[in-house]
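Peer 1: Take a look at this one; I'll ask things after.
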Amino acid sequence: GAGVSQSPSNKVTEKGKDVELRCDPISGHTALYWYRQRLGQGLEFLIYFQGNSAPDKSGLPSDRFSAERTGESVSTLTIQRTQQEDSAVYLCASSSSGARTEAFFGQGTRLTVV
Amino acid sequence: GESVGLHLPTLSVQEGDNSIINCAYSNSASDYFIWYKQESGKGPQFIIDIRSNMDKRQGQRVTVLLNKTVKHLSLQIAATQPGDSAVYFCAEGRSGGYNKLIFGAGTRLAVHP
């Protein structure tokens with residue numbers, strides 16, 4: 001596609017439920033990032049995928065968070081047993097692996113846990 | 001290090017004044033630096049980049065300065081306008097290979113009439 005696409009754009013879920021967030025990166029981009037952004041705050045790194053390398057999961061805040069990516073395609077971020085503190089905007093970005101490492105962001109998924 | 005969820009510092013400027021947003025980066029091996037602008041309700045958008053073999057780069061109303069000696073990056077916005085109100089992030093990266101982009105904490109720019 002023309003840009004990074006995320007779905008859903010908004011998600012309201014009950015505490016304790018699992019949610020799955022989707023990211024469609026720009027075609028051909030080998031790198032994919034997930035970030036969390038709480039209201040009025042900065043970007044909190046969650047996970048980084050680069051090609052077939054092992055992902056960098058160092059930012060995942062707990063074992064309730066996981067992410068998958070098959071090859072250079074779609075990625076899903078799963079949050080199990082959601083808590084109110086998980087409420088935030090979840091941003092996905094992708095980039096190529098060449099000399100230019102600019103990351104292109106999606107519009108994000110706004111998650112609200114009630 | 002990695003950016004974490006912190007309340008953002010705010011820079012307040014008068015419309016028409018010049019703005020300077022600063023950023024300290026962490027990795028001396030980084031060879032590529034980017035400034036992003038994030039408007040309310042949107043994802044960050046690319047503004048301007050600079051490679052490590054340069055110390056200055058100019059765009060339309062924006063200038064990025066790089067001081068590798070002290071690992072400092074700045075974004076200068078000339079004649080700041082209300083539409084410049086946003087959160088600004090710097091990012092550092094390395095070309096090629098496993099080249100995760102690292103984002104700074106961000107600065108909120110508030111432009112007052």
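The values are calculated or read from the model by the stated rules, or taken from the named source; none is laboratory data. Computed from a prediction, not measured in an experiment: that's the story for all the values here. Quick reminder, even Gly has a Cβ in these numbers, built from the backbone with ideal geometry, and neighbours come from all protein chains shown. Ligands, DNA and RNA are stripped out before the accessible areas are found, and what is left, the full protein with its side chains, is counted by its heavy atoms. Shrake-Rupley method; radii C 1.70, N 1.55, O 1.52, S 1.80 Å.
Peer 1: Can you tell me which condition A:Asp18 does not meet? The list is (1) within 29 Å of B:Pro9 (Cβ to Cβ); (2) surrounded by fewer than 18 Cβ atoms within 10 Å (Cβ to Cβ); (3) of a type in the set (D, E, K, R), and all the others hold.
Peer 2: A:Asp18 satisfies all of (1) within 29 Å of B:Pro9 (Cβ to Cβ); (2) surrounded by fewer than 18 Cβ atoms within 10 Å (Cβ to Cβ); (3) of a type in the set (D, E, K, R) except (1).
Peer 1: While we're looking at this one, here's another question. Hey, any hits in the stretch A:85-104 for a residue that's under 20 Å from A:Ser27 (Cβ atoms), in a loop (DSSP other than H, G, I, E, B) and away from chain B (no Cβ under 11 Å)?
Peer 2: Checking the stretch A:85-104: not a single residue is under 20 Å from A:Ser27 (Cβ atoms), in a loop (DSSP other than H, G, I, E, B) and away from chain B (no Cβ under 11 Å).
Peer 1: Based on this model, can you work out whether B:Lys37 counts as under 27 Å from A:Glu44 (Cβ atoms) and touching a Pro at 6+ places or on another chain (Cβ under 8 Å)?
Peer 2: yes
Peer 1: Also, I was wondering about something else. Please specify each residue of the stretch B:1-60 satisfying the condition of being in a strand (DSSP E or B), without any contact (Cβ under 8 Å) to a residue 40 or more places away in the chain and of a type in the set (S, T, N, Q).
Peer 2: Across the stretch B:1-60, the qualifying residues are B:Gln45, B:Gln58.
Peer 1: Specify which of the listed residues (B:Val64, B:Val70) is more than 23 Å from A:Leu46 (Cα to Cα), at pLDDT 90 or above and buried (at least 20 other Cβ atoms within 10 Å of the Cβ).
Peer 2: Result: B:Val64 is the single residue among B:Val64, B:Val70 that is more than 23 Å from A:Leu46 (Cα to Cα), at pLDDT 90 or above and buried (at least 20 other Cβ atoms within 10 Å of the Cβ).
Peer 1: A follow-up question, please. Consider A:Ser66 carefully, then state whether it is out of contact with any helix residue (DSSP H, G or I) (no Cβ under 7 Å at 6 or more places or on another chain) and either without any contact (Cβ under 8 Å) to a residue 12 or more places away in the chain or not in a strand (DSSP E or B) (or both).
Peer 2: No.
Peer 1: Right, next: Could you tell me whether B:Asp17 is within 12 Å of chain A (Cβ to nearest Cβ), open to solvent by 10 Å² or more (accessible area, probe 1.4 Å) and either over 26 Å from A:Gly108 (Cα atoms) or in contact with a strand residue (DSSP E or B) (Cβ under 8 Å, 6 or more places away or on another chain) (or both)?
Peer 2: no
Peer 1: Only one of these is without any contact (Cβ under 8 Å) to a residue 60 or more places away in the chain and crowded, with 20+ Cβ neighbours inside 10 Å: A:Ala54, A:Ala88. Name it.
Peer 2: After ruling out the rest, the residue left standing is A:Ala88.
Peer 1: Follow-up. In the stretch A:56-79, which residues are among the hydrophobic types (A, V, I, L, M, F, W, C) and within 14 Å of A:Leu32 (Cα to Cα)?
Peer 2: A:Ala67, A:Val74, A:Leu77
Peer 1: Tell me, which residue of the stretch A:31-48 that is at the interface with chain B (Cβ under 7 Å from one of its Cβ atoms) and in a loop (DSSP other than H, G, I, E, B) is most open to solvent (accessible area, probe 1.4 Å)?
Peer 2: Going through the qualifying residues, I end up with A:Arg38.
Peer 1: Restricting to the stretch A:57-84, name every residue that is within 14 Å of another protein chain (Cβ to nearest Cβ), open to solvent by 40 Å² or more (accessible area, probe 1.4 Å) and not hydroxyl-bearing (Ser, Thr, Tyr).
Peer 2: The answer is A:Lys57, A:Pro61.
Peer 1: To continue, here is another question. Taking the condition of being part of a strand (DSSP E or B) and farther than 16 Å from B:Pro44 by Cβ, how many residues in the stretch B:78-106 meet it?
Peer 2: The total comes to 0.
Peer 1: Next up: Could you say which residue among B:Gln76, B:Gln38 is under 28 Å from A:Gly51 (Cβ atoms), modelled with pLDDT of 95 or more and more than 8 Å from every other protein chain (Cβ to nearest Cβ)?
Peer 2: One residue alone meets the criteria, B:Gln38.
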